[in-house]
């Protein structure tokens, strides 16, 4: 069977892959672009669905759902596509459950959960340490950060273990890492974490929903509609769902991209799926 030939193949039809396709089409509307997505939908880690509500149905986000003022690229995209944002509601009683299924469910009304005095002191000192390191990070080129090799050789888990005093804060930070990054602290480079936090304006702005923080705004109608709109602009005919890529082979002339059922040739490949899903083979 003769392989189909494309200018660019993009692996993954989430926000990154679809934004890349949209950008390329704006530069050259004649470019042949194919997006291969393993799921049966676009959107990647954003997923919006309608569920019953008091007045019938409402649309809820079950994946990534917030944007902040430091995330200028996504805010520009929201404006370009004609969508609106609104502030995250964060007043009133909040629920906090940590410590396993048998732990007590606690409530609080402040910006952080109710902590013991020792845990508050511990939180203060670890925030001070991290923010001090963030001030040294070169966001555009993290390798130029002082002690970059040392920071990159340790994980977020190992740094927390070395510099926290209480099990309570160790567990709280682990919960925060899983919520923001979707990985265990032991799976993430500490230098990568510092770069990410620095780009957000610091650790607390990365975690909070206050004005200027990363969880400050939500998108009316849900985040998945961004990907759905981009797919419409790129052309749904160029998006193939249920087409997980199994291998990518490259030589001097072509890149060959294979799925379970098809093989495609192209001049360039963009892999936009999460790192733990990007298992590439070189030929």
Treat segment 1-110 as a sphere of radius equal to its Kirkwood radius over Cα pairs and apply Stokes-Einstein at 20 °C in a medium of 1.002 mPa s; give the translational diffusion coefficient in µm²/s, rounded to a whole number. 119 µm²/s
Taking a crude spin-label model, label points 7 Å out from Cα along the C-beta direction, the residue 144 to residue 124 distance in nm is 3.6 nm
To the nearest 500 deg cm²/dmol, what mean residue ellipticity at 222 nm is calculated for the chain from DSSP H runs of n ≥ 4 alone, each contributing -39,500 (n - 2.57), summed and divided by the residues? -10000 deg cm²/dmol
Relative compactness, the chain, computed as alpha-carbon Rg over 2.2 N^0.38 Å: 1.15
Determine, for each peptide in 122-129, 92-99, 53-60, the mean count of other beta carbons within 10 angstrom over its residues, then list the peptides with the highest first. 122-129, 92-99, 53-60
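Decide, for segment 178-283, between rounded, prolate and oblate: order the square roots of the alpha carbon gyration tensor eigenvalues as a ≥ b ≥ c, take rounded if a/c falls under 1.5, and otherwise choose prolate if a/b is larger than b/c, else oblate. Don't jump to the answer; show the numbers that get you there.
Values: a/c = 2.81, a/b = 1.58, b/c = 1.78.
Oblate shape, in that a/c is at least 1.5 and b/c is the bigger or equal ratio.
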Extension gain (nm, one decimal) between residue 31 and residue 89, 0.36 nm per residue minus Cα-Cα: 16.6 nm
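Quick one: compute the contact order of the chain, relative version, from alpha carbon pairs under 8 angstrom and 6+ residues apart, as a percent. Walk me through the numbers on the way to the answer.
On the way: 459 pairs, mean separation 90.5, N = 283.
Here the relative contact order equals 32 percent.
Highest first, please rank the peptides 77-83, 169-175 by the mean number of other Cβ atoms sitting within 10 Å of their residues. Before the final figure, lay out the partial values.
Numbers: 77-83: 14.3, 169-175: 19.6.
Taking the mean over residues of other Cβ atoms within 10 Å, the ranking is 169-175, 77-83.
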Ascending count of other beta-carbon atoms within 10 Å, so fewest first, for 76, 102: 102, 76
4 °C / 1.567 mPa s Stokes-Einstein diffusion coefficient of segment 136-175, Kirkwood radius on C-alpha pairs, µm²/s: 113 µm²/s
If you average the C-alpha positions of segment 109-133 and of segment 74-108 separately, how far apart do those two centres end up, in angstrom? 20 Å
Just to be sure I understand: with springs between alpha-carbon atoms less than 10 Å apart, which residue in 36, 117, 75 has the highest mean-square fluctuation in the Gaussian network model of the chain? 117
With Rh as the Kirkwood radius over Cα pairs, segment 112-208 has Rg/Rh of 0.95
Obtain the nm distance between the two label points defined at residue 76 and residue 189 by a simple spin-label model: each point lies 7 Å from its Cα along the Cα-to-C-beta direction. 2.5 nm
Under a 10 Å cutoff between Cα atoms, tell me which one of 185, 52, 142 has the largest fluctuation in the Gaussian network model of the chain. 52
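Bear in mind these aren't lab numbers, they're just calculated from the coordinates by the rules spelled out. Quick caveat, the model's predicted, so the values are computed rather than measured. Neighbour counts run over all protein chains shown; Cβ positions are idealised from the backbone, glycine included.
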